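S.K.: This is the structure, below, for whatever I ask next.
The values are calculated or read from the model by the stated rules, or taken from the named source; none is laboratory data. The structure displayed is predicted, hence computed values, not measured ones. Please note: Cβ atoms are built from the backbone with ideal geometry, for glycine as well, and neighbour counts cover all protein chains shown. Side chains included, ligands, DNA and RNA excluded: accessible areas come from the protein's heavy atoms. Shrake-Rupley method; radii C 1.70, N 1.55, O 1.52, S 1.80 Å.
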Amino acid sequence: MTITNRQSGTNVHEIAEGLFRINTPVKIEGAGGFSFNQYLIVDDESLLFHTGPRKMFPFVREAVATVLRVEQLRYIAFSHVEADECGSLNEWLAAAPQSVPLCGTVAGMVSISDLADRPPRTLADGEELSLGSHTVRWFDTPHLPHAWECGVLTEERTSTLLCGDLFTQGGATHPPVTESDILGPSEAFRRSMDYFSHSRDTGALLEKLAGTHPALLACMHGSAWRGDGAQLLRALADALKEAGG
């Protein structure tokens, strides 16, 4: 792991071939610590998943620049419209003149075509996009865990699910990758915050993601997780069902 900014603690770690986790730990008054992750896929057409909040842009840009020239970024991707997902989208578009927003069709229609300084490249449910040696595929996950336009990406070469706010872990100090339990901590965090939308389609959507058989879950908050991703996604579905979500 390389610390790229001593002031913020922002750090970079390669968690799979060509896939880098950028992490910034934060202290939240009265709530302890938290962390924000972005994921960088380095390829012919490199992709950043999650922009980070607008105020965090200098730290994240500095971290990306230790891996590749920021101007080389082609896609600025995110799960849904929220500050930590796409708050610095326009700053990234300015820093990488050849880049475009990458999102689902709903996000493009209702928000990004207006909010972004360049038109988005939108992906339909199940649509693939080649980056070169890596291929990503978009999956619509409306209201999972929140927002109508919500979705996630898989990366096929590394069997990674870029799972956004699923399996959010509280706290600021996490290893870049773990094989330890993250369902227990993430469920404890979810129960305290209740940020899931309790959609009727939650079980079916989690089963759709389980069908991709990920070996690595790239969580937005906390550690990435390595193991049987399908089993863990089904365990999450069971936990939500028991909780009435």
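S.K.: Restricting to bridges with both residues inside the chain, how much of the DSSP beta-bridge set is antiparallel, in percent to the nearest 5?
M.R.: Among the beta bridges of the chain, antiparallel pairing accounts for roughly 65 percent.
S.K.: Further question: How big is the Kirkwood radius of the stretch 113-192, worked out from every pair of different alpha carbons and given in Å to one decimal? Intermediate results must be reported in sequence, preceding the final value.
M.R.: Working: mean 1/r = 0.0670 Å⁻¹.
Averaging 1/r across every pair of different Cα atoms and inverting gives 14.9 Å.
S.K.: Accessible area per residue, 1.4 Å probe, Å², for the stretch 114-157: what's the number?
M.R.: Values: 1900 Å² over 44 residues.
That works out to 43 Å² for each residue.
S.K.: Simple spin-label model, 7 Å along Cα-to-Cβ: ALA235 to VAL110 in nm?
M.R.: Result: 3.2 nm between the two label points.
S.K.: For the stretch 41-109, state the semi-axes of the equivalent ellipsoid (square roots of 5 times the eigenvalues of the alpha-carbon gyration tensor), sorted largest first and rounded to whole angstrom.
M.R.: Computed over the stretch 41-109, the values are 18, 14, 9 Å.
S.K.: While we're on this one: As an exercise, identify the chymotrypsin sites (Phe, Trp or Tyr not before Pro) in the stretch 158-243 lying in DSSP coil whose Cβ has no more than 13 other Cβ atoms within 10 Å.
M.R.: Sites meeting the loop and neighbour criteria: TYR195.
S.K.: Relative to 2.2 N^0.38 Å, what does the C-alpha radius of gyration of the chain come to as a ratio? Two decimals please.
M.R.: Cα Rg divided by the expected 2.2 N^0.38 Å: 0.93.
S.K.: Right, here's the next one. Sequence gap at least 6, Cα distance under 8 Å: using those rules, report the relative contact order of the chain to the nearest whole percent.
M.R.: Numbers: 559 pairs, mean separation 38.0, N = 245.
Averaging sequence separation for qualifying contacts and normalising by length gives 16 percent for the chain.
S.K.: How large is the Kirkwood hydrodynamic radius of the stretch 62-166, in angstrom, based on all distinct alpha carbon pairs? Numbers along the way, then the final one.
M.R.: Numbers: mean 1/r = 0.0714 Å⁻¹.
The Cα-based Kirkwood calculation yields 14.0 Å.
S.K.: Students often forget the sequence filter, so: which lysines lie under 26 Å Cα-Cα from LYS241 once same-chain residues fewer than 8 apart are removed?
M.R.: Within the straight-line limit of under 26 Å, LYS241 reaches these lysines: LYS208.
S.K.: Compute the longest continuous run of the chain that contains no exposed trypsin sites (Lys or Arg not before Pro); treat a site as exposed when its DSSP state is not H, G, I, E or B and it has at most 10 other Cβ atoms within 10 Å. The partial results should precede the final answer.
M.R.: Working: sites that count: ARG6, ARG69, ARG200.
Counting only loop sites that pass the neighbour cut-off, the longest clear stretch is 70-199.
S.K.: Separate question: Between GLU207 and VAL26, how many nm apart are label points set 7 Å from Cα along the C-beta direction?
M.R.: It works out to 3.7 nm between the two label points.
S.K.: Given the C-alpha centroids of the stretch 48-114 and the stretch 129-189, what is the distance between them in whole angstrom?
M.R.: Taking the Cα centre of the stretch 129-189 as reference, the centre of the stretch 48-114 is 17 Å away.
S.K.: Separate question: List the residues whose amide H sits under 5 Å from the amide H of SER99, counting only those 5 or more places along or on another chain, with H placed 1.01 Å from N in the peptide plane.
M.R.: Correct list: empty.
S.K.: Given N residues in the stretch 1-137, what is its alpha carbon radius of gyration divided by 2.2 N^0.38 Å?
M.R.: Against the compact-globule rule of thumb, the ratio is 1.02.
S.K.: Calculate the spin-label point distance for MET1 paired with ASP117, positioning each point 7 Å from the Cα along the beta-carbon direction, and give it in nanometres.
M.R.: If labels sit at ASP117 and MET1, their model points lie 3.3 nm apart.
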